[in-house]
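**Student:** Take this structure, written in structure tokens, and hold onto it; I'll ask about it next.
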Amino acid sequence: MTKHTRLTDGKPSARTVLPPWPLPALLAWTACWALFLTLHSLHLPPGWSLALATTLGAVMGMGARSPWRRLFVAAGFPVSLAASGLGAGLPAWCWLVPLALLALLYPVGAWRDAPLFPTPRGCLAGLDNIAALPSGARILDAGCGLGAGLAELHRVYPEARLEGLEWSWPLRVVCGLRRPFARVRRGDIWKEDWSTFDMVYMFQRPESMGPAADKARRELRPGAWLVSLEFEAPALRPVTVLHNPSGKPVWVYRMK
Ligand SMILES: C[S@@+](CC[C@H](N)C(=O)[O-])C[C@H]1O[C@@H](n2cnc3c(N)ncnc32)[C@H](O)[C@@H]1O
């Protein structure tokens with residue numbers, strides 16, 4: 001391999017057990033709203049109610065695993081409160097719409113893996129120099145979201161047959177419209193047979209990469225590639241780790 005390799009021994013690390021994402025965010029926002037409405041009903045000045053409920057969200061967000069999740073949890077209440085001011089006169093339940101939308105976009109089956117977070121543009125530049133694929137090779141974006149990863153794969157492998165698999169129906173529909181060059185389906189990446197693919201690309205979560213490595217070893221044929229944006233697959237030895245301006249490493253594995 002050309003860059004750093006850090007192999008794990010597969011033992012679970014001692015870390016706090018959190019409910020699956022985005023449940024912590026939904027719980028925090030619900031708690032913020034409950035506190036705000038309670039304080040409001042007690043006729044506390046609105047500024048105080050807002051400050052205390054926002055503080056609660058910020059404190060609850062501190063337990064989240066990444067900076068953008070902390071921001072997501074903390075900003076949820078004030079953003080939804082600001083939005084509610086724009087729609088004066090609407091019944092209060094309308095402000096549950098963003099939560100319902102979130103539940104639709106990230107159905108329970110996808111909570112264990114990653115919420116929508118797109119592959120940055122240019123992130124996969126140079127991948128074809130490491131993993132050369134013949135024209136017509138089959139590449140799967142496992143959890144394709146809105147298709148940012150498919151666009152990057154298409155840029156690098158214009159002759160490849162690209163497929164996207166996505167658990168969320170709305171994301172699958174929009175992705176299919178945005179990426180007509182790819183075959184986009186709704187499905188579960190863990191139930192899909194990977195054995196016919198020459199490359200499986202993933203941008204999931206650190207916790208997904210143990211099962212992904214096991215599945216790749218079981219199903220991908222020798223010579224096929226597993227490529228993971230940002231997160232390392234434990235117990236697999238990378239051929240290389242690409243580094244690009246986005247700051248997210250690209251872990252490149254070849255099956256033996
Ligand atoms: C971090 S986003 C990456 C999106 C896309 N691959 C990209 O790089 O732009 C992860 C996506 O995986 C989807 N996902 C998570 N678990 C999944 C599963 N078990 N099966 C299919 N899709 C899943 C999520 O809904 C989300 O859209």
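**Student:** If the chain between Glu219 and Ala83 were fully stretched, how many nm would it gain, using 0.36 nm times the residue separation less the Cα-Cα distance?
**Tutor:** Contour length minus the Cα-Cα distance gives 44.2 nm.
**Student:** Rank the residues Met255, Met60 as a footprinting-exposure proxy: fewest other Cβ atoms within 10 Å of their Cβ go first.
**Tutor:** Met255, Met60
**Student:** Can you tell me how much longer the chain between Leu37 and Ser246 gets when fully stretched, taken as 0.36 nm per residue apart minus their C-alpha distance, in nm with one decimal?
**Tutor:** 71.1 nm
**Student:** OK, next. What's the ranking of 197-209, 139-151 by average number of surrounding C-beta atoms within 10 Å, highest first?
**Tutor:** Descending mean neighbour count gives 139-151, 197-209.
**Student:** Then there's this: Once label points are set 7 Å from the Cα along Cα→Cβ at both Val59 and Arg138, what is their separation, rounded to one decimal in nm?
**Tutor:** About 5.3 nm, to one decimal.
**Student:** What aspartates and glutamates could a cross-link reach from Lys215, if we take a straight Cα to Cα line under 16 Å and drop same-chain neighbours fewer than 8 places away?
**Tutor:** Leaving aside aspartates and glutamates fewer than 8 places away in the same chain, those within reach of Lys215 are Asp113, Asp141, Asp188, Glu192, Asp193, Asp198, Glu207, Glu232.
**Student:** Something else: Leu162: net charge of surrounding residues, Cβ under 14 Å, Lys/Arg +1, Asp/Glu -1, itself excluded?
**Tutor:** Net of charged neighbours comes to 0.
**Student:** Need the full-extension length gain, Val174 to Ser66, defined as separation in residues times 0.36 nm minus the C-alpha distance. One decimal, nm.
**Tutor:** Full extension from Val174 to Ser66 adds 36.2 nm.
Each value in this text was obtained by applying a stated rule to the coordinates, not by laboratory testing. As the structure is a prediction and not an experimental result, all values here were calculated from the model. Positions of Cβ are backbone-derived with ideal geometry, glycine not excepted, and every protein chain shown enters the neighbour counts.
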